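First up is the structure itself, then whatever we jot down about it.
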């Protein structure tokens, strides 16, 4: 095949992919076959495996990539809302569609019929495990944000160390002018940054959010990523995030932006303040605005669905918090202090073990469930693995003797929510902490829709 | 976890191998649950970390040894610290009949050697007569919910609850030598190597298995077996344990067994 023919062939395949995918996208939307579907992208990639690369070739769109274990959806939402408020046109992949096919789907949607993408910005949140794969098609991102790296679904993702090795390899192929914002409080991410041989903007939590006295149980990276010596922490925020130094090889926390920024009314907890800070750093890059002004753009943004999402249903106020891995769950529990103040309330724990949740529920033993009782008047467990959760909760407390049992166990989700309503007589909102599919189910039962 | 001070004459000192380095995915559940079950029966427990500050001489104080899994990098750190006098002390402890439970990746370290998918062969402690080889990153890992049937006769215990459930996630494949006996027969899952239907291994009062995370909370009978055996070894008394309310445990087991159409 000569060069022209080959080019023509590639173009044909690309447009065939685009048109077919657009048709499917149209069908899905017209007949309400589910929102946020990854089908159009999946089809486009089947026909043209480099569809994402070809879509973006020659496009002026500035692409911002966001990855990490926890906080991707909230941070992406903040960045998108901030950019929109400044009048920028932004495309983004819908939450839950953070694999390559999700990125492809969002490109299918916004491509014009001649294959052009006109938006000024694209914000893509990416699953930490496919991040490297996506970088093989998005070769010139404008900015990359690395949020954190915790243990999560080892059945799917493998070990934290293996993921970071793949990231370094993939990130090393990006052009020098790529801007990086990296959470320098995470030793594993700081290690990645140091091996990239380029200018990196590091951020970290403010000292007020670094009040942990002991190394918690849910850590993965408290040993020096360079030489394996135990790191010495002078301050910790949560999990293995903090200010650290290796006494042997002198690997240490980088210079970080930690000056205090105002928090947001609807996003409580240390972990959300990391998300806000991360979003501000990206807006600061993208819009060339000072931090404070970037932060102001986020005023009034409400949480993404299922992330400290508040609504009223069955005459009660509810807060639903997605809690899907040890560090995430521990942070959800810690945020209850800010959400509830001195009040105790009804807390519903939903544990599912479907593919999006991770099929292994062992991790619940890494969560400090002992603390839940501080905030709970009643604890109700539900979901596919209700009884595993019940065993965990019963082990978590001494007081749970049969008669004073504040623990109610109900595998049927609908009945569990009815129990919440029935038992809840206080002012404070009912709290639901749920794994991914559990969260979707709860929303569907309470407000009649799984997704927004 | 708060443990009330018991007035019982029994006290179990638990040695936990490198809790910071070897608790990858819920392995801690075994410790929390084991202590809870002792506590409910008024049996005292004390938890000691076998880590870099633990001396070889301290092994003699232990009545029960527990080891969980670790990620590859951490495994290397563990072995560097453990090899030598500490390893010898641990070995002779097991040799003299101290009950021990190794879950997830730790049996590999207690075997003759472990060959990782990439990199050099790691010498194990040689407590178990087993050899483990990782077939390389291209061969799929053994992952999923598991069901097994314990060979209680290999543990010279009365036949109690035979079925064990759990979750496995390992790359390495293990072959048993003639000085160990299999712990269980694979009913669902891969087991030691995906071929011979064996799960785990037993040597004296030490048990190893690939089931990871909260193995004891899922299998209260195994937890109780260890409590009884530990007291037998330490005090020379065979005691009958008070029955506990295992409604949730039984339901959790039922849920999984139903999924596999075993119930």
At q = 0.06, 0.07, 0.12 Å⁻¹, base-10 log of I(q)/I(0) for the protein assembly as shown (Debye sum, equal scatterers on each alpha carbon): -0.37, -0.51, -1.42
Rounded, prolate or oblate (a/c below 1.5 giving rounded, otherwise prolate when a/b exceeds b/c) for region B:11-259 by Cα gyration tensor: oblate
Distribution of pairwise C-alpha distances over region B:1-142, 5 Å bins, in %: 2, 9, 18, 22, 19, 13, 8, 5, 2, 1, 0
Counting DSSP beta bridges with both ends in chain A, the antiparallel % (nearest 5): 25 percent
Cα centroid of region A:325-341 to Cα centroid of region B:141-219, whole Å: 36 Å
Per-residue Cβ neighbour rank within 10 angstrom, fewest leading, A:195, A:54: A:195, A:54
Part-to-part distance (alpha-carbon centres) for region B:33-66 and region A:246-319, which is given in Å: 42 Å
Residue B:181-residue B:61 pseudo-label distance in nm [points 7 Å out on the Cα-to-Cβ vector]: 3.4 nm
Peptide B:243-250, shielding by other chains (average Cβ, 10 Å cutoff): 3
Rounded if a/c under 1.5, otherwise prolate or oblate - region A:169-317, Cα gyration tensor axes: oblate
Order of A:346, A:73 under a 10 Å beta carbon neighbour criterion, fewest first: A:73, A:346
Relative contact order of chain B, pairs being alpha-carbon contacts under 8 Å that are 6 or more residues apart, as %: 19 percent
For region B:95-110 versus region A:362-382, the gap between their alpha-carbon centres in whole angstrom: 30 Å
Diffusion constant of region A:286-327 at 4 °C, which comes from Stokes-Einstein with the Kirkwood Cα-pair radius and 1.567 mPa s, µm²/s: 99 µm²/s
Region A:3-296 - Kirkwood radius from inverse mean 1/r over Cα pairs (Å): 20.0 Å
Chain A: angle of helix A:270-287 to the longest principal axis, Cα-based, in degrees nearest 10: 20 degrees
Sequence-separation-based contact order of region B:136-263, relative, with Cα cut under 8 Å and 6+ spacing, percent: 21 percent
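How big is the shadow of the Cα convex hull of region A:343-391, averaged over all directions, in nm²?
Numbers: hull surface 14.0 nm².
Dividing the Cα hull surface by four gives the mean projection, 3.5 nm².
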Value of relative contact order over region A:307-447, rounded to a whole percent, pairs C-alpha under 8 Å and six or more apart: 37 percent
Shielding by partners - mean other protein chain Cβ count within 10 Å, residues of A:381-391: 5
Region B:14-75 - Rg (one decimal) and Dmax (whole number), Cα, Å: 12.4, 39
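If you wrap a convex hull around the Cα atoms of region A:1-77, how much volume per residue is inside, in Å³?
Roughly 136 Å³ of hull volume per residue.
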Three semi-axes of the equivalent ellipsoid, region A:307-447, Cα gyration tensor, whole Å, largest first: 19, 18, 15
Hydrodynamic radius (Kirkwood) for region B:143-199, which is based on Cα pairs only, to one decimal in Å: 11.8 Å
Quotient of Cα Rg and 2.2 N^0.38 Å for region B:70-203, N being how many residues it contains: 1.05
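Convex hull volume of the Cα atoms in region B:132-229, per residue, in Å³?
Hull volume normalised by residue count: 89 Å³.
Would you mind giving the mean number of other chain beta-carbons within 10 Å of the Cβ of each residue in B:19-28, as a whole number?
Counting other chains' Cβ atoms within 10 Å and averaging over B:19-28 gives 5.
Read-outs throughout are calculated quantities, based only on the coordinates presented, and are distinct from any laboratory measurement. As the structure is a prediction and not an experimental result, all values here were calculated from the model. Because the Cβ atoms are built from the backbone with ideal geometry, glycine has one as well, and the counts that use them run over all protein chains shown.
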